[in-house]
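To start, the structure itself, in structure tokens.
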Amino acid sequence: MSAASQAPSETDLKTRFTPSLIIGLVIVGFWLLVALFGPALAPHLESDIVTDMSYAPAGEVGLLGSDYLGRDVFSRLLYGARMTMGLALLVTLLSFSLGVILGFIAAISGRWIDGLMSRINDALMAFPSIILALIVMSALGTSLMIMIVTVAIIDSTRVFRLSRALAMDISVMDFVDVARSRGESLWWITVREILPNTLAPLAAEFGIRFTFAILFISALSFLGLGVQPPAADWGVMVKENLQGLLFGSAAALMPAAAVASLTVGVNLIVDWFLRRMGGDVSQELMN
Amino acid sequence: MSAVIDIQDLWVEARSSGGSFQPIVEGVSVSVYPGEVVALIGESGSGKTTTALSAMAYSKPGCRIVGGSITLNGRDLLKLDQEERRQLRGREAAYVAQSAAAAFNPAIRIGDQVIESTAIHQLMPRDDALREAVKLYQRLDLPDPERLSNRYPHQVSGGQLQRLMAAMAMSSSPALLILDEPTTALDVTTQISVLSAFKDLIRGQNTAAIYVTHDLAVVAQIADRIVVMQNGKVMEAGATEQIISRPENAYTQTLMAAVRPPPKSMSVEGEGSDQTDDEMIVSVDSITAGYGRTETKIVLQDVSVAVPKGKVVGVIGESGCGKSTLARVIAGLLPQRSGEIYHHGQELPNVARRRTRSVLKNIQIVFQMPDVAINPRHRVREILGRPLDLFIGLSASARESRIDELLELVELPTSYKTRLPGELSGGEKQRINLARALAAEPEVILCDEVTSALDTVVGKAIIDLLKKLQANLGVAYLFISHDLSTVASFADHVVVLYAGRVVEQGPLASVLAPPFHPYTRLLLSSVPELRTDWLDGVVASKAHLDHLGQAVDSSKVGCPFFSRCAVAVNDVCNRQDVPLRKMDQGHTVACHLELDALRG
């Protein structure tokens, strides 16, 4: 199917690449490059103390000044990109694998298993996620591994709900009945008939969950449970340098702006993706 | 007398997938005088709804009116601003949509929805409006008019809702009524009552009406003039009589040909094909099936049907009679509660997954809605290839050429195999569905309303294709439809279902000739004919409106058709089990009356 598949005859670049998509791609592309090459480009190490002056203003020390310990904010921002985005990606991948698999199992199994899984999921969702993470992590410790798994499991409850609902919607479609009347196995029906039809909404959800994960990890780091110093994470950096705001330092604002811009960028792409998947409006009108 | 609505040289454009605007209505002119009904006919995409909506200066999102003039009651609508147009809508021009079920808000009482436009335009006090509404209910033959306003939409039937839509539109006494396929979603028997109600109302109020439909036979009953549209252009326009009896345009002629396929020749009796001699591919024996776990809703009761080799068995009945359920039971998608399914005399497990591969191969199913019966993420090659892999097992090159063959069989170009379903039209999708069923080289295909979601012309092409395949490949069909004329044009054997029970079955010619079951008689007389005086005749001669759309409890004792039956005998028909009256050639009628009484 790969060789023969051809692009639709009418491709209009104007509707394919909207301005908001381009802005989103530029922002996300920029941060991806920073995550890849940032540490190599950084003038200092993330833990290097380059001056004995706390909250040195931008331009005086390094590009963006120094933080509360006199470290180079610019260098730490570059290092933090890899840490923050890498963690978020890992967490989101993990939560999606878990959520989608369990959600599909719930959707296609009998009402007993589905009921049990859904009620457990509801119970987990009933806790405010940040409190739940705090409880688990203060009990189990604050290593990176524990944080990743904890956040991923908490996040997967949302993915579970979505993928279960999607799979249930699709499992009642006639083409699934056609497959069943052919005697197809449950596995085939799930993977070949249901899964391809859930990919679009799941991919959109992935984008949103990714930004949520950044915010969640930043929040945990801010509370001192996530990434531990001296490692640079945007959330940690905001927390460390909060006091600097009193002295007019931008050390806390820079990582906050980085989180904000990445969130906006990813969401612009997701919005575009959802619109494209929404189908062609004018074609429906022709009927 | 001047026209209520006068549309001249209308041009409408729609935004295409590329973002550029393409014309969808090109230079259409329509005018309607008071008390007159003008029908816009055409298949989907012909621009008939767009034209009708423009009479309210409304265009759907993504569309825009780019040229022409629209004059309603002497005012040019295109010169008015948004607020002035809004004032007109619902007051001077009102719209009745195709699906009443979707147009009513389920959480608001019927009365408040019917008088909504009088309330919005502040035409009269609420109490007066509600009193007026009751009068409208009476004119529309709605049951219990005094209390109807206090009910919720789910408490009335589909046909009643459709009539309520008309009441809603008429509540503000508009000068122009736009009816957009108002009876398309209804059963034939319900359609009659709705049509005659509309007709009376329009004549009574001296309203001008635009009637949008694809069904010429319906139009013949209600319209004074007909405008035939195709691809946004007017093909032919003229008085109803003239269009129906002497269509001049070639497209109108194809439309006419597609409306009512002529019944298959009635001389089947002479063939002497006694049913029991034929080999039965599939037969079901006293099947009872239903939905729900704890409180079961029985949909099929004690149904026995058999499909002989290479023959067409038509199953007919109105929506909710269980005809689709029958196909699902046979296909192993819905396990029956009792009764057996046989394949060449061998009993089958009730779940598809437990059946053997050769059984699965031999019984294929094609569903009603082509859009949801194909996985939108699979290319045509995968859709056709899967049954080949599963049931036939071919080498890569043989598989490829077999896919080409299948596409040719359903009269589609072989280049289609790389397409996704989204790149196909409804009719093409249905052809792919057929090809998918044929790929397994089955002995029987269960066709569940395969043409009902399609336009008349496209549907006729599918039927022609089915006939051709039957002649060439010898495949048998269980052909399920609510459209008696389609079944009559095609089937060898007819099964009439009512409320989940077989009320009559037998060879086509015997079922279509007396003695009839009373329900078969009702069905036969309900199929609109291409005569302009047909509706008046039917309404005058029959008590069609009685008990229409009443919910039928299929678990009750006695005859399920009792409440609608014109010849029912009280205390017999509703108290005792229905006897099965047998005639020759396997023709059976389930009725308390003697066969001689049913002949008249």
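The values are calculated or read from the model by the stated rules, or taken from the named source; none is laboratory data. Worth saying up front: this structure is predicted, and the values here are computed from it rather than measured. Here Cβ is always computed from backbone atoms with ideal geometry, including for glycine, and neighbour counts include all displayed protein chains. We work out accessible area using only protein heavy atoms, side chains counted, and drop any ligands, DNA or RNA first. Shrake-Rupley method; radii C 1.70, N 1.55, O 1.52, S 1.80 Å.
Listed by first and then second residue, the pairs linking a residue in segment B:477-504 that is farther than 16 Å from B:TYR519 by Cα to a residue that is of a type in the set (D, E, K, R) and open to solvent by 20 Å² or more (accessible area, probe 1.4 Å), with Cβ atoms under 6 Å apart and 6 or more places separating them unless they lie on different chains, are B:SER489/B:LYS264; B:ASP492/B:LYS311.
Considering segment B:359-376, the residues that are under 22 Å from B:VAL305 (Cβ atoms) and not hydrophobic (A, V, I, L, M, F, W, C) include one that is surrounded by the most Cβ atoms within 10 Å (Cβ to Cβ), namely B:GLN364.
When B:LYS297, B:LYS311 are screened for being open to solvent by 10 Å² or more (accessible area, probe 1.4 Å), more than 11 Å from chain A (Cβ to nearest Cβ), charged (D, E, K, R) and without any contact (Cβ under 8 Å) to a residue 40 or more places away in the chain, only B:LYS297 passes.
All of B:ARG431, B:ARG436 fail the test of being buried (at least 19 other Cβ atoms within 10 Å of the Cβ) and touching a helix residue (DSSP H, G or I) at 6+ places or on another chain (Cβ under 6 Å), apart from B:ARG436. Given the conditions (1) within 30 Å of B:VAL305 (Cα to Cα); (2) crowded, with 20+ Cβ neighbours inside 10 Å, report the number of the one that B:LEU407 does not fulfil. Result: B:LEU407 passes all but (1). Among the residues that make up segment B:526-539, is at least one of them of a type outside the set (D, E, K, R), part of a strand (DSSP E or B) and either modelled with pLDDT of 90 or more or surrounded by fewer than 18 Cβ atoms within 10 Å (Cβ to Cβ) (or both)? No - not one qualifying residue is present in segment B:526-539. Can you pull out every residue in segment A:59-76 that is farther than 17 Å from A:GLU240 by Cβ and open to solvent by 70 Å² or more (accessible area, probe 1.4 Å)? Passing the criteria: A:GLU60, A:LEU63. Assess whether A:PRO230 counts as being open to solvent by 10 Å² or more (accessible area, probe 1.4 Å), within 14 Å of another protein chain (Cβ to nearest Cβ), out of contact with any Pro (no Cβ under 6 Å at 6 or more places or on another chain) and of a type outside the set (Val, Ile, Thr). No, not satisfied. Quick one: would you say A:GLY207 is at positive phi, more than 14 Å from chain B (Cβ to nearest Cβ) and small (Gly, Ala, Ser)? Criteria not met by A:GLY207.
On inspection, B:GLU441 qualifies as part of a loop (DSSP other than H, G, I, E, B), modelled with pLDDT of 90 or more and open to solvent by 40 Å² or more (accessible area, probe 1.4 Å). Per this entry, A:ILE130 is not counted among residues that are within 22 Å of the chain's Cα centre (by Cα) and either surrounded by 17 or more Cβ atoms within 10 Å (Cβ to Cβ) or within 13 Å of chain B (Cβ to nearest Cβ) (or both). Residue count for segment B:289-324, restricted to those that are at pLDDT 90 or above and β-branched (Val, Ile, Thr): 7.
Taking A:LEU140, is it surrounded by fewer than 17 Cβ atoms within 10 Å (Cβ to Cβ) and under 25 Å from B:LEU384 (Cα atoms)? Considered against the rule, which asks whether it is surrounded by fewer than 17 Cβ atoms within 10 Å (Cβ to Cβ) and under 25 Å from B:LEU384 (Cα atoms), A:LEU140 comes out as no.
For first residues located in segment B:404-425 and touching a residue at least 40 places away in the same chain (Cβ under 8 Å), partners that are part of a helix (DSSP H, G or I) and open to solvent by 70 Å² or more (accessible area, probe 1.4 Å) and lie 6+ apart or on another chain with Cβ distances below 8 Å form the pairs B:PRO421/B:ASP371. For segment A:1-40, which residues satisfy the criterion of being more than 14 Å from chain B (Cβ to nearest Cβ), open to solvent by 50 Å² or more (accessible area, probe 1.4 Å) and either at pLDDT below 85 or assigned to a loop (DSSP other than H, G, I, E, B) (or both)? Hit for segment A:1-40 is A:ALA40, nothing else. Across segment A:160-194, the qualifying residues are those that are open to solvent by 50 Å² or more (accessible area, probe 1.4 Å) and either within 9 Å of another protein chain (Cβ to nearest Cβ) or not in a helix (DSSP H, G or I) (or both), and the one among them that is farthest from B:PRO335 (Cα to Cα) is A:ARG192. Filtering segment B:565-594 to residues that are surrounded by 14 or more Cβ atoms within 10 Å (Cβ to Cβ) and part of a helix (DSSP H, G or I) leaves B:GLN585, B:GLY586. Of the residues in segment B:381-398, at least one is among the β-branched types (Val, Ile, Thr) and facing another protein chain (nearest Cβ under 10 Å). Taking segment A:113-127, which residues are aliphatic (A, V, I, L, M) and open to solvent by 70 Å² or more (accessible area, probe 1.4 Å)? Across segment A:113-127, the qualifying residues are A:ILE113, A:LEU116, A:ILE120, A:ALA126.
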